[in-house]
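One structure is given below, encoded as structure tokens.
Values quoted throughout were computed directly from the atomic coordinates according to the rules given, and no laboratory measurement underlies them. Being a predicted model, the structure only gives us computed values, none of them experimental. Here the Cβ positions follow ideal geometry from the backbone for every residue, glycine too, while neighbour counts run over all protein chains shown.
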Amino acid sequence: MNWWLKQGEEIASIVALAVFLVLIGLNFTALVLAAPSVFAHLWYAQYYFLIITPWPIGLFPLAGPSLVAWFAVIVFAISASVIYYYTTNFWAIVKESRVPIAGKRTAELYFMTLFVTLVVYYIVGLLSPAPPKTPDFQEYPEWAQYMALAYASFHEELITRVFLLGLPLFAVHGIMQIAGRGEMRPLYRYVVGGGFEIGRSEVLFILFSASMFGVAHMLGGWDWVKVLPTLVFGIAAGYLFLRMGLYASIMLHFGTNYLSFAIALLMKGGLFGALFMVVLVAFMLALGLYATLKYAYLVWKEIADHLSAEGATRRGVISPLSGPDPLGPYWHRLRCRQCGGTTYEYLGGRRIRCVNCGRVIDVPEELWYRGRSRPPRT
């Protein structure tokens, strides 16, 4: 039974990744097609560089050349994230016949956040006589819609995941290192993310940044209904930022913001496009239900494990370099030079694979047997 469940989970994760790749491809196509028009109009437009406190506050205006330059940075960041996501998943599948955990997690959390949003708005629609308040994006010209949603895909990740999650963790980890209770990562890791273990400080700042993100939406033109979906989204994006990197949280945000443009692109394909859209939406709903149930169970299990005496004991006895872990397939605290990750899957012999980036490492013999006796030589 467990084998069948594991195989079913693996198949569902692969399907989620495949559908997500299709959607991201459509989103990116919409951005590329709209970019020339957006750039042409930005010379005569003005935006503000916003931060959230949680009230959105404009620090300084961006207009003309400065706005064009900032949008170019945004397009570059989104493009780099899409290309990196595609290439890492493609080469891992082709060369190593495996799907990276970063790829599957990003796709699954994307469908989970969409499903939670749909469920919340559906329930509120049933219980409330008045429809939820939303910003009227249709009043904006088309180029401004493309601009605003691309802008948010990068800018909001910068101000919430980097400014409210990564940099506060940098300060906390610095204090802990001074106190002799931990060690810091390189500074760039707190900006680009990736490779972090999720401990108490990380959970605290994920919840803090997600709460600020949710309340800021309510104060920025939405109503209270938006808080819960954006809170869940913020938790998912914060997790992806710390474990996988900023590119993964940008992918999550971009995939959500540009979904309507992807659907509009399909509708231009006539009957075939409409049928393809129906099939795609059906897959999205099914995958959303699957991912929501999966991660609700994992979160519940993690909380129960931390509250149990057995879980506390198990976390205390794991040795990072004691050979194959008898309590599970993962090792902890050995840092990957490529991504900074500290969790590995044992492959046999003295070979391990970084769970975060997929890098396979041949551990030197002197490091492998540190803290344990060597086998007798024959």
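Structure note, pairs Lys95/Lys268; Lys268/Lys294; Lys6/Lys95; Lys226/Lys301; Lys6/Lys226: Cα-Cα distances above 29 angstrom occur for Lys95/Lys268; Lys268/Lys294; Lys6/Lys226. One quarter of the convex hull surface built on the alpha carbon atoms of segment 11-310 amounts to 18.6 nm², the projected area averaged over directions. Our analysis of segment 54-141 gives Rg over Rh at 1.12, with the two radii drawn from alpha carbon positions and Rh computed by the Kirkwood formula. Between the amide H of Arg359 and those of Cys354, distances stay under 5 Å, these residues lying 5 or more places away or on another chain, with hydrogens modeled in the peptide plane.
For the pair segment 159-198 / segment 222-288, the C-alpha centres are spaced 28 Å from each other. Residue exposure proxy: Met147, Met176, Met251, ordered by other Cβ atoms within 10 angstrom of their Cβ from fewest to most, comes out as Met176, Met147, Met251. Modelled this way, with points 7 Å down the Cα-to-C-beta line, the labels at Ala18 and Tyr122 are 2.4 nm from one another.
Taking amide H positions as modeled 1.01 Å from N, with prolines and chain starts lacking one, the residues under 5 Å from Leu50 and 5 or more places away or on another chain are Leu59. If you look at the Cα atoms of segment 189-311, you get an Rg and a Dmax of 17.6, 60 Å.
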